[in-house]
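S.K.: Have a look at this one before I ask anything.
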Amino acid sequence: MLIGILQTGLAPDALTPAMGDYPDMFARLLDGHGFTFRTFRVVEGEFPADVHACDGWLITGSKHGAYEDHPWIAPLEEFIRAAYAARVPVVGICFGHQIVAQAMGGRVEKFAGGWSVGPTEYDFDGETLTLNAWHQDQVVQRPEGATVLASNPFCENAALLYDDRALTIQAHPEFQPAFVDGLMKTRAIGVVPDPLLKDAATRLDTPLHTTSAAARIAAFFKAPRT
């Protein structure tokens, strides 16, 4: 199964030699599930010719906000709606989670409650999964037809399911502790409050449920569709 990775952001240059860019992280996360991957750098204006160019689509995280005025935002929203109409499965992670919601009529904002950073627990319909978080923006109003798949007290719409067409997750199952540590030392300075960074640093060795998250994503992509 060919998964098209719609890359909406770039990892910090200082971190890519050791950890790769976002598509590399997703390839590692989903290794062993029988997928092949092709990357489109939509953040640089590179889009697939058609929603059927791949069997499914995965939208990455980004330092950008879904509500920001970038030339690739509107075309990406159009692509998401076209994939939804054609029933080509879409998975969105962090920014991807937010841009899918926005494209489908929801609302994304810079959350007044601040940032979520590092290992964070989420209730996935009764199953507690701990995944790395890195966000201030949130889906504050979910689209019609989207159901809540996961939440916690800080993030009500932590994962959304759009029947069998889209699965989106606010957390970063692809982020390993070393990468979060690198983000805290590069992009976070002067952006994320210091006390929050110090607290997250003490929790970086918390066991993560990335394997469970990867299995959920893989099962969604492979589910039979009419």
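S.K.: Under 5 Å between amide hydrogens, which residues at least 5 positions from Glu109 or on another chain qualify, with H placed 1.01 Å from N in the peptide plane?
M.R.: Gln138, Val140
S.K.: Rank these for me by crowding, Thr168, Thr206, Thr130, going from fewest to most other beta carbons within 10 Å. Please list the in-between numbers first.
M.R.: Working: Thr168 27, Thr206 14, Thr130 19.
By the 10 Å Cβ count, ascending, the order reads Thr206, Thr130, Thr168.
S.K.: Let me ask something else about it. Distance between the C-alpha centers of region 171-226 and region 81-146? Whole Å please.
M.R.: 14
S.K.: Name the GluC sites (Glu not before Pro) in region 1-69 that are in a loop by DSSP and that have at most 13 other C-beta atoms within 10 Å, would you?
M.R.: On the way: sites: Glu44, Glu46, Glu68; in loops: Glu46, Glu68.
The qualifying sites are Glu46, Glu68.
S.K.: Taking a cut-off of 20 Å between Cα atoms, list the lysines near Lys198, but don't count ones fewer than 8 places away on the same chain.
M.R.: Within the straight-line limit of under 20 Å, Lys198 reaches these lysines: Lys185.
S.K.: Give the relative contact order (percent, whole number) for the chain; include only Cα pairs under 8 Å separated by 6+ residues.
M.R.: Working: 423 pairs, mean separation 44.2, N = 226.
Reported as a whole number, the value is 20 percent.
S.K.: Order these by the 10 Å Cβ neighbour count, fewest first: Ile73, Ile59, Ile80. Write down the numbers at each step before the final one.
M.R.: Details: Ile73 20, Ile59 28, Ile80 25.
Ranked by crowding around the Cβ, least crowded first: Ile73, Ile80, Ile59.
S.K.: Relative to the longest principal axis of the chain, what angle (0 to 90°, nearest 10) does the C-alpha long axis of helix 177-186 take?
M.R.: Result, in degrees: 70.
Values in this text are rule-based calculations from the coordinates and carry no lab data. Because the structure is a prediction, the values reported are computed rather than measured. All Cβ positions, even for glycine, are placed from backbone atoms using ideal geometry, and neighbour counts span all protein chains on display.
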